[in-house]
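A quick write-up on the structure given underneath.
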Amino acid sequence: MINKIAVLPGDGIGPEVMFEALKVLDIISEKSNVNFSFTKSLVGSSAIDAEGHPFPDSTKKICEDSDAILFGAIGDPKYDNNPKAKIRPEDGLLEMRKFLGLYANVRPVKTYDALLEASPLKKDIISGTDFVVYRELTGGIYFGDKGISEDRKSAFDTCSYTSKEIERISHLAFKEALKRKKKITLVDKANVLDTSRLWREIVQEISNKYPDVKVSYLFVDNAAMKIITNPKDFDVILTENMFGDIITDEASVITGSLGMLPSASVGDKVSLFEPIHGSYPEAAGKGIANPMAMILSTALMLDLSFNMKKESDIIIKSVEDAIKNECVTQDINNKNFYSTQEVGNWISKRVKDQF
Ligand code: IPM
Ligand code: MN
């Protein structure tokens, strides 16, 4: 059997970190006798340049036809400072999420002992942090009605949620909590927003079906504070699209570098795996990007999409070993650092040695 993987390196540092991740997968394939086929396709700014659309039909087809998707990063500064741009790379990402029904974005946040110094937060506060954010990904203000008046004197974005959208991700999050410390925190703004009130109502209802899971509720402003003052208190955080976007970037500070965080976007048919970091255009082509988040994203893929937990754990362990052996990029140690490729090679070799 061949496992079909769509490979979308995207923009900026995306192709460089993807290259390192594919090296690791080649070794996994060789050692475990599992076949992967990789089909590359364009997305983001590079797709706009080549095909006039950030998520072109050719890429849609390849994604639909795959068992899992690996995604690098998208974004290009030439669009960021032009509020009037008609088409932007990010539209491709949003369209892809909607088109493929990737409704749950799973973002694990944990500290590595060897990296505690890399975080600007105090060691004793962050040491031992291990939580996961379940961010709803295809609803809310990202996808509601929006518009800007012709005279450009007013604009609006609507936040809306259906009970179905809330239910499906909530069940995933509760199931995950059962496998962990059995704690869920719903992050919302139920003191102000009706959508948040609906989230609370539904999560309360669903919680009856999971009596072993302890549920708590936090307003997002308070949560933003608690996540960095008491990160160890959290196990599973469940939240809507926009709040999840913001608190996961905030949470990345705990791990010391945004370059460490992988994520999975789970859909009914196919799931997508990508690092949380963006395209980091300033670093593109310089060989300084941290490939670890992309490599850890492949570990998530092996676990969630291909039932290869053993191989997934080997990758995670190899990344941890690279950190322990101080084989890291500049973002983690700006005195003694290695290139993207050197770190990728080190991890690949470590993976190989563990079979
Ligand atoms: C993310 C990104 C995207 C988002 C952008 C690029 C549209 O920030 O994946 O978190 O806001 O969801
Ligand atoms: Mn984001």
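Every read-out reported here was derived from the displayed coordinates using simple, explicitly stated rules and does not represent laboratory data. Worth saying up front: this structure is predicted, and the values here are computed from it rather than measured. Neighbour counts are summed over all protein chains in view; Cβ atoms, including those assigned to glycine, are modelled from backbone coordinates with ideal geometry.
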- Item | Selection from Leu300, Gln354, Val343, by position along the positive dipole direction of the stretch 298-355 (Cβ) | Gln354
- Task: Indicate, rounded to the nearest 5 percent, the antiparallel portion of the DSSP beta bridges found entirely in the stretch 120-255.
- Result: 20
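So between Phe19 and Lys324, what do we pick up on full extension, going 0.36 nm a residue minus the alpha carbon distance?
Working: separation 305, 0.36 × 305 = 109.80 nm, distance 2.29 nm.
Roughly 107.5 nm would be gained on extension.
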- Please express the shape of the chain as an equivalent ellipsoid: the semi-axes are the square roots of 5 times the eigenvalues of the C-alpha gyration tensor, given largest first in whole angstrom. 30, 26, 21
- Task: Report ³J(HN,Hα) in whole Hz for each residue of the stretch 68-82, in order, from the Karplus equation J = 6.51 cos²θ - 1.76 cosθ + 1.60 where θ = phi - 60°; Gly and Pro get x.
- Result: 7, 10, 9, 10, x, 7, 9, x, 8, x, 5, 9, 5, 9, 10
- Message: Pick from Thr111, Thr248, Thr229 the residue whose mean-square fluctuation is largest in a GNM of the chain, springs joining Cα atoms under 10 Å.
- Response: Thr229
- Message: Connecting C-alpha atoms closer than 10 Å in a GNM of the chain, tell me which of Lys269, Lys317, Lys153 has the biggest fluctuation.
- Response: Lys153
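Using the crude model of +1 on Lys and Arg Cβ and -1 on Asp and Glu Cβ, and no other charge, please compute the dipole size for the stretch 120-255 relative to its Cα centre, in debye to 20.
Values: 21 positive and 22 negative charges, 123 e Å.
Charge dipole of the stretch 120-255: 600 debye, to the nearest 20.
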- Residue by residue through the stretch 272-279, which ³J(HN,Hα) values in whole Hz follow from phi under the Karplus form 6.51 cos²θ - 1.76 cosθ + 1.60 (θ = phi - 60°), with glycine and proline marked x? 10, 10, 8, x, 6, 5, x, 7
- Message: Going by amide H atoms built from the backbone, whose H comes under 5 Å of the H on Leu238, apart from near neighbours?
- Response: Tyr134, Thr185, Leu186, Val187
- With x for Gly and Pro, the residue-by-residue ³J(HN,Hα) of the stretch 91-108, computed from phi through the Karplus equation 6.51 cos²θ - 1.76 cosθ + 1.60 at θ = phi - 60° and given in whole Hz, is 4, x, 5, 5, 5, 5, 4, 5, 4, 8, x, 7, 8, 10, 9, 9, 10, x
- Note on the structure: Which residues qualify? For Ser271, with a placed amide H closer than 5 Å and at least 5 residues away or on another chain, they are Ile69
- Task: Count neighbours as other Cβ atoms within 10 Å of each site's Cβ, and list the GluC sites (Glu not before Pro) in the stretch 1-62 that are DSSP loop with at most 12 such neighbours.
- Result: none
- Residues meeting the amide H criterion for Val109 (H placed from the backbone, H to H distance under 5 Å, 5 or more places apart or on another chain) are Phe131, Val132, Val133
- Which distance in Å, rounded to a whole number, links the C-alpha centroids of the stretch 239-292 and the stretch 1-63? 17
- Task: For the stretch 120-255, evaluate the Debye formula with one uniform point scatterer on each Cα (no solvent term) and list log10 I(q)/I(0) at q = 0.08, 0.13 Å⁻¹, rounded to two decimals.
- Result: -0.23, -0.57
- With 0.36 nm assigned to each residue of separation and the Cα-Cα distance removed, Lys84 to Glu250 gains 56.9 nm
